[in-house]
1. Of the candidates 32, 11, 137, which one comes out as most mobile in a Gaussian network treatment of the chain with C-alpha springs shorter than 10 Å?
2. Can you compute the modelled spin-label distance between residue 2 and residue 69, with each label point 7 Å from Cα toward Cβ, in nm?
3. Please identify, among 130, 12, 35, the residue showing maximal mean-square fluctuation in a Gaussian network model of the chain using a 10 angstrom Cα cutoff.
4. For q values of 0.12, 0.13, 0.17, 0.20 Å⁻¹, compute log₁₀ I(q)/I(0) with the Debye formula on a Cα-only model of the chain, without solvent.
5. Which of the peptides 51-62, 116-127, 71-82 is most tightly packed, and how do the rest follow, judged by the mean count of other Cβ atoms within 10 Å per residue?
6. Please name whichever of 11, 39, 68 sits farthest to the positive end of the charge dipole of the range 3-137, dipole taken about the Cα centre and charges placed at Cβ: Lys and Arg +1, Asp and Glu -1.
7. Suppose every K and R has +1 on its Cβ and every D and E has -1 on its Cβ; what is the size of the dipole of the range 3-137 about the Cα centre, in Debye to the nearest 20?
Amino acid sequence: MNRVEQLRTIFKQSRTIAVVGLSAEWHRPSFFAAKYMQAHGYRVIPVNPRYAASGTAILGERCYASLAEIADPVDIVDVFRRTEEVLPIAQQALQSGARCLWQQIGVVNLEADRLARDAGLDSVMDRCVKIEYARLFGGLNLVGVDTKIISAKRPR
């Protein structure tokens, strides 16, 4: 399976994304990406100890301090943390039963990638879920927002 087919399969077989490091600040990339994915039918579960401690909800969802606290099944663990912080998150992703470890743009932890792949998970590094989803399923334009004026949608 080539890379494009793998990404399409990940998106088509997934419905829940746990975003580790999701910020409640609307101007942060994590918030923008999570809101986009939520608008496209995915359930986004925020994971950020700072907001969990204060009881802050993000995008209408309860925020958790760690993946271990989430009782619901998670398909994709989307990591918005520094590269050196990814390995323990990958270990939690394995324990949670997630099917994919996704490291955002600029995040490349080869040890976490190897751990995930060896355990049978899909693993994506140095890519943005929002950009990849828009690229593969339409909706990507100059500013990354679907204005409905110019369409990048591919014919089916």
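1. Result: 137 has the largest fluctuation of those listed.
2. Using points 7 Å along Cα→Cβ, the separation is 4.3 nm.
3. Comparing 130, 12, 35 in the GNM, the peak value goes to 12.
4. Ignoring solvent entirely, the Cα scatterers give -0.48, -0.57, -0.97, -1.32.
5. Details: 51-62: 13.8, 116-127: 16.8, 71-82: 19.4.
Top to bottom by mean Cβ count within 10 Å: 71-82, 116-127, 51-62.
6. Comparing the listed Cα positions along the dipole, 39 ranks first.
7. Numbers: 17 positive and 15 negative charges, 80 e Å.
Once rounded to the nearest 20, the dipole reads 380 debye.
All of the numbers you see were taken from the coordinates with simple rules; none came from a lab. Keep in mind the model is a prediction, meaning the values are calculated, not measured. FYI the Cβ positions are ideal-geometry reconstructions off the backbone, even for glycines, and counts take in every protein chain you see.
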